Every structure is written in C-alpha cells, then in structure tokens.
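One structure below.
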Amino acid sequence: MKKTKIIIAVPRGRILKDCKKIFDRTNFAPDPMLYNESSRKLSFKSSNPEVNFIKVRAFDVCTFVAFGASHLGIAGDDVIQEFNYSEVYAPLDLNIGHCRLSVAALESLIKKEDPSTWSNIRIATKYPNLTKNFYAAKGVQVEAIKLNGSMELAPSLSMCRRIVDLVSTGKTLKENNLKEVEKIMDVQSKLIINRSAYKTKTKKIEKIIDLIKKEIK
C-alpha cells in the first residue's frame with residue numbers, strides 16, 4: 001500500500017526567506033527551487049521522502065489546508081482569522097512575518113472628520129470580515145470594497161473613506177499621503193494544521209511540529 005506523504009503549504013513572497021531559516025535546518029528541507037521567485041513550479045520534494053511542499057498565494061494557504069489539499073501550512077494571523085475555517089488548527093507561533101493589520105486614512109481628511117458620529121463607512125480592503133467585525137464593535141456598519149492590491153489609491157480617488165491593510169514600516173502609506181489611524185490586530189505567521197489530518201496522521205505531524213519548534217528563534 002502506497003504511503004500518503006505529508007504536504008506542507010507555504011506562502012509565496014517575502015515570508016519565504018523566513019521560512020527558509022526554519023525549514024532548511026530540519027530533516028525535511030525543501031528542494032532549493034522552492035525559494036526561486038522566478039520559477040513557476042508549485043510542487044516540490046524535500047530531503048525527507050515522506051514530506052512534500054506546495055507554494056501558493058499567502059491568502060490561499062488556509063483554504064488549501066482547510067479542504068485537505070495540504071496537511072500543514074504557514075499562514076498569518078490575518079488570513080487565519082479572516083477565513084476562520086473550523087477545520088484549521090493553529091497551534092504554533094513561528095515568530096516570523098511580524099506586522100499589523102491597521103486602518104489608514106488620507107492625512108488631509110483626518111483633522112476634518114469625527115469618527116464618533118459615523119453610523120456607516122465605506123472601506124477598501126481584502127479583509128472584509130475582520131474589518132466589519134472591528135467596526136461592528138464600534139456600532140458602525142461597513143460597506144467593504146474588496147481589493148487585492150493597490151488599495152492605497154482608493155481614498156485619493158474617492159472610492160472610500162478608509163482602507164484596512166497590513167502595515168510593516170508604514171512607508172507605502174506615507175508615500176501615498178495616508179496615515180495609520182487605528183490598529184486592528186498584531187500579526188505573525190503560524191503553523192496551521194488540518195484537524196482531520198492531525199487525527200489520522202498524529203505521529204507524523206507531531207514529529208514535524210517538534211522539529212519546527214526547535215528552529216524557532
């Protein structure tokens with residue numbers, strides 16, 4: 001009978017460098033091509049014949065894990081909480097990918113506005129659920145415009161009053177005349193696991209978790 005390999009989903013982009021520092025010191029280090037940003041390849045073997053990797057969009061990692069296409073994955077708190085899949089278990093902070101999910105507005109508008117008087121607001125974001133929940137707690141209804149990028153343009157083009165996005169240094173906001181006005185949550189990357197896979201492959205997955213734990217700085 002053919003053994004089922006453990007599949008780990010990792011996000012494309014800047015977080016891969018941090019993942020490399022963890023994975024390359026384990027006994028399931030991925031094929032170096034995983035880190036090649038110019039490669040279009042999406043599936044990779046590792047130094048362990050029982051472990052494979054797939055490389056997907058950061059926003060899709062949770063979905064691949066939730067639907068069992070991969071057994072484990074690396075995802076940020078922002079994505080985990082935005083989708084809130086019941087089948088996804090996030091047991092381990094990786095101490096990488098630190099940033100925050102924040103509300104930002106045009107600097108020229110901030111002094112003219114009184115948010116305490118708002119009953120509704122239009123916001124551009126790729127986090128409609130987190131945004132609506134955040135403002136619902138303030139008694140404000142949100143009309144969310146779903147954008148996957150370049151949302152810093154939206155306020156200056158009168159699409160919305162605020163944006164909600166990840167902020168690291170704040171440089172992109174500043175260059176587009178925006179200012180961070182509220183923090184919704186701190187974000188870091190976590191190891192996530194498919195609950196059903198964990199039940200059926202407990203020993204294999206626990207072994208991987210233990211190896212990753214040893215490499216977290």
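The values are calculated or read from the model by the stated rules, or taken from the named source; none is laboratory data. This structure is a prediction, so every number in the text was calculated from the model and none was measured. Neighbour counts run over all protein chains shown; Cβ positions are idealised from the backbone, glycine included. Ligands, DNA and RNA are stripped out before the accessible areas are found, and what is left, the full protein with its side chains, is counted by its heavy atoms. Shrake-Rupley method; radii C 1.70, N 1.55, O 1.52, S 1.80 Å.
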Of all residues in the range 91-125, count the ones that are surrounded by 14 or more Cβ atoms within 10 Å (Cβ to Cβ) and within 30 Å of Ile208 (Cβ to Cβ). 7
Under 8 Å by Cβ, and 6 or more places apart or on different chains, what pairs join a residue from the range 7-19 that is closer than 13 Å to Pro30 by Cβ with one that is among the aromatic types (Phe, Trp, Tyr) and in a strand (DSSP E or B)? Ile7/Phe53; Ile8/Phe53; Ala9/Phe53; Val10/Phe53
Just a yes or no: is a residue in the range 45-60 more than 17 Å from Ile7 (Cα to Cα), out of contact with any Asp or Glu (no Cβ under 9 Å at 6 or more places or on another chain) and surrounded by fewer than 21 Cβ atoms within 10 Å (Cβ to Cβ)? no
Near pairs, Cβ below 6 angstrom, 6+ apart or cross-chain, from the range 39-57 (small (Gly, Ala, Ser)) to any residue that is open to solvent by less than 90 Å² (accessible area, probe 1.4 Å) and not in a loop (DSSP other than H, G, I, E, B): Ser39/Met33; Ser43/Ile54; Ser46/Pro30
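Restricting attention to strands (runs of 3 or more DSSP E) lying wholly within the range 1-67, give those where 2 or more residues are closer than 19 Å to Ile216 by Cα and modelled with pLDDT of 95 or more.
Those strands (runs of 3 or more DSSP E) span 6-11.
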